1. Can you compute the equivalent ellipsoid semi-axes for the chain, i.e. the square root of 5 times each eigenvalue of the Cα gyration tensor, sorted largest first and rounded to whole Å?
2. First check a/c for region 58-186, with a ≥ b ≥ c the square roots of the eigenvalues of its C-alpha gyration tensor; if it is under 1.5, answer rounded, and if not, answer prolate when a/b is larger than b/c or oblate otherwise.
3. For a protection proxy built on the mean count of beta-carbon atoms within 10 angstrom, sort 47-55, 163-171 highest first, please.
4. Quick check: from the Cα gyration tensor, does region 200-354 come out rounded (a/c under 1.5), prolate or oblate?
5. Could you pull the Cα extents of region 328-463 along its three principal axes, largest to smallest, in whole Å?
6. Which whole-number percentage describes the relative contact order of the chain, with Cα contacts under 8 Å and a sequence gap of 6 or more?
7. Taking N as the number of residues in region 134-253, what is its Cα Rg relative to 2.2 N^0.38 Å?
8. Rounded to the nearest 500 deg cm²/dmol, what is the calculated helix-only ellipticity per residue at 222 nm for the chain, with -39500 (n - 2.57) per DSSP H run of length n ≥ 4?
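Since every read-out is calculated from the coordinates, none of them should be taken as a lab result. If you're wondering where the values come from, they're calculated on a predicted model, not measured in any experiment. Reconstructed Cβ throughout: ideal geometry from the backbone, glycine too, with neighbour counts over all protein chains shown.
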Ligand SMILES: Cc1cc2nc3c(=O)[nH]c(=O)nc-3n(C[C@H](O)[C@H](O)[C@H](O)COP(=O)(O)OP(=O)(O)OC[C@H]3O[C@@H](n4cnc5c(N)ncnc54)[C@H](O)[C@@H]3O)c2cc1C
Ligand SMILES: NC(=O)c1ccc[n+]([C@@H]2O[C@H](COP(=O)([O-])OP(=O)(O)OC[C@H]3O[C@@H](n4cnc5c(N)ncnc54)[C@H](OP(=O)(O)O)[C@@H]3O)[C@@H](O)[C@H]2O)c1
């Protein structure tokens, strides 16, 4: 009988250095059972990439021990701090991650900022292998005049605010304007536009923070424009159907051309909120209010396409259009940052240079997820590439390419962190915080009310 893993890693999705078909996962796993040593493996980051890498290593090696280090006090990365509150089904992956964390060969160490509290070199000295899965935590800048004006926010910060990311809890976006402009036409742009326009009563039973819900209840935003520098064929947002590009075009065309029936026309006329897509417009300048103190609009360069299909480039025609608005949300992508001077980083591509997950020129160092391939792709894409990195690491282990002899693993890092006054939190600590959040949400009928303040979280844990 085929081993279970084939179901979630079909041959068609295997990386280039896949095992030959004759070598089943079972026999791959058996190669380790003759070895005595316990490989100590460290994973940096507890988002989908970190957890799926750990899952693969634990499943395919009978003794490997995996420590997951996370800078936040809580696990799960963008599944907690990115995925929109009105998409709770996506967050079910947390159940799988929790199973992995419950393995007696896996440990979670939150509240540890790798690169600050402990260096990557110290981790490499303590472990047989280190996997960097720390995602893409920054946003890409617009690099246009006026970007720094109040009223201009990154979608990343806005998402962090409504999802309870501690560093964004005090963002307090000003929603007193009539019109918001979202720059970029990816799925994040759709998320933020939807959250701005959804009647708050539809969000009440989600895990959106109480502060965000309160602000959205007071919001005066009535119109949201989602602006793209290229055309409808090049939009980056996706739909959940086969042959998405064709279907997406059909939907867009139908919405644009179809004359609404009487009832639909009446419904639209009475709608209190509206949104629209604007194509062939590239941000050129944020326009200030007359007193120069905040954003009052955006100047867009009208563009045309050079080339065809998804590779077509937007080039300015020389015309401009000014769009009045009081809120500009820049949603043109996330960005990874270098973690530590000892780790190579490609600033242009915003990734750690790697070949199939092996960090170039650094034996024993690997990467997975957004920091490996850039800030695109959904959770299943991240799963596939994290399994691939896990697979490559185990191949290197078999080939004797990782350090031989025992490694101290967490024992050494714990001592270092203790000497630096860093207090890591465990997965069972997270489960206490989780229970507290769930209990705080109950009164309001929410799945949870997220804790926002790290000091309060530490206090709840007795520190
Ligand atoms: C707003 C938004 C919404 C999304 N919604 C969906 C969706 O609905 N469905 C879907 O399939 N995909 C969605 N995605 C995509 C999905 O979230 C990503 O594919 C996935 O999270 C990438 O995983 P990752 O582990 O590489 O990064 P992350 O999820 O960002 O995880 C990285 C982890 O590393 C930690 N970290 C960072 N630096 C350090 C450090 N120095 N030391 C220790 N830890 C560190 C971070 O705190 C974080 O926990 C969304 C993405 C965004 C941005
Ligand atoms: N529900 C979901 O499944 C979900 C939700 C959220 C996010 N995600 C995933 O997370 C990933 C990240 O999403 P994202 O929306 O941040 O990124 P994205 O999909 O890469 O979209 C970025 C958008 O910004 C535009 N852009 C980039 N640079 C620009 C510039 N200088 N000026 C103007 N426009 C610019 C891009 O246009 P060009 O194409 O012209 O470059 C594109 O429209 C995606 O893979 C997405 O699918 C999934």
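1. 41, 26, 22
2. The shape class here is prolate.
3. Going from most to least packed, we get 47-55, 163-171.
4. Because its axes are fairly even, with a/c under 1.5, region 200-354 counts as rounded.
5. Each principal axis gives a Cα extent; for region 328-463 these are 54, 45, 27 Å.
6. In percent, rounded to a whole number, it is 22.
7. Ratio of Rg to 2.2 N^0.38 Å for region 134-253: 1.14.
8. Taken over the chain, the calculation gives -9500 deg cm²/dmol.
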